[in-house]
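Here's the structure, in structure tokens; my notes come after.
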Amino acid sequence: DSDLSGIVPSLLSAYRLTSNKPGILYLEGIDSLRQVYDDVIRTRQTLRIFPSSHDRDDQNVSDTIDRQIARQRREGIKTEVLLRPEILKNTKNDELFEARRSPLGELDAQIMMYGDNVAVTTFQKGVVTTIITSSEASATFQKIFSL
């Protein structure tokens, strides 16, 4: 019974991410971040990121992010990110990666926008991701990103 209780949330999460219905999904743990990354690959649309100042605090999370960056590049998915000036100065842009200066300073949560999804992830007390699937919400966050 305890094995089943661990599988059901994962199955429900996968269903909600791939059913394209508006809604909100709450996920916990590094596997949930990997699930979002799989969805980014599935949608094949430009990924826009407001990074968290805590997204590289844990080595396991940092390694997962690095693997995803390489995966996105292999798949030809463009990534746009807003970075703090001290990080931006060591970053190179190319046809699949565009970094710009963030006017926001340090953020506690990471916000990723892709397709009709907005994924908000916190890293301070474990990995916790809330995904909003809504074309209107995504369009709003994308406009804020573009400012």
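Some points to look at:
- Residue satisfying condition, being within 21 Å of residue 133 (Cα to Cα) and either open to solvent by 80 Å² or more (accessible area, probe 1.4 Å) or part of a loop (DSSP other than H, G, I, E, B) (or both), within set 42, 48: 42
- Considering (1) over 22 Å from residue 145 (Cβ atoms); (2) modelled with pLDDT under 90, the lone condition that residue 64 does not fulfil carries the number (2).
- Only one of the numbered conditions (1) open to solvent by 30 Å² or more (accessible area, probe 1.4 Å); (2) without any contact (Cβ under 8 Å) to a residue 60 or more places away in the chain; (3) not basic (Lys, Arg) is not met by residue 37, and that is (1).
- Taking the conditions (1) buried (at least 17 other Cβ atoms within 10 Å of the Cβ); (2) at pLDDT below 90; (3) in a helix (DSSP H, G or I) in turn, residue 54 satisfies each one other than (3).
- Considered as a group, the residues in region 106-117 that are within 15 Å of residue 33 (Cβ to Cβ) and of a type in the set (A, V, I, L, M) include one that is least open to solvent (accessible area, probe 1.4 Å), and that residue is 112.
- Residue list for region 104-147, restricted to those being within 12 Å of the chain's Cα centre (by Cα) and farther than 25 Å from residue 85 by Cα: 115, 117, 127, 128, 129, 130, 131, 132
The values are calculated or read from the model by the stated rules, or taken from the named source; none is laboratory data. For clarity, every value in this text was computed on a predicted model and none was experimentally measured. All Cβ positions, glycine included, derive from the backbone under ideal geometry; neighbour counts span all protein chains shown. Accessible surface is based on the protein model in full, side chains and every heavy atom, while ligands, DNA and RNA are left aside. Shrake-Rupley method; radii C 1.70, N 1.55, O 1.52, S 1.80 Å.
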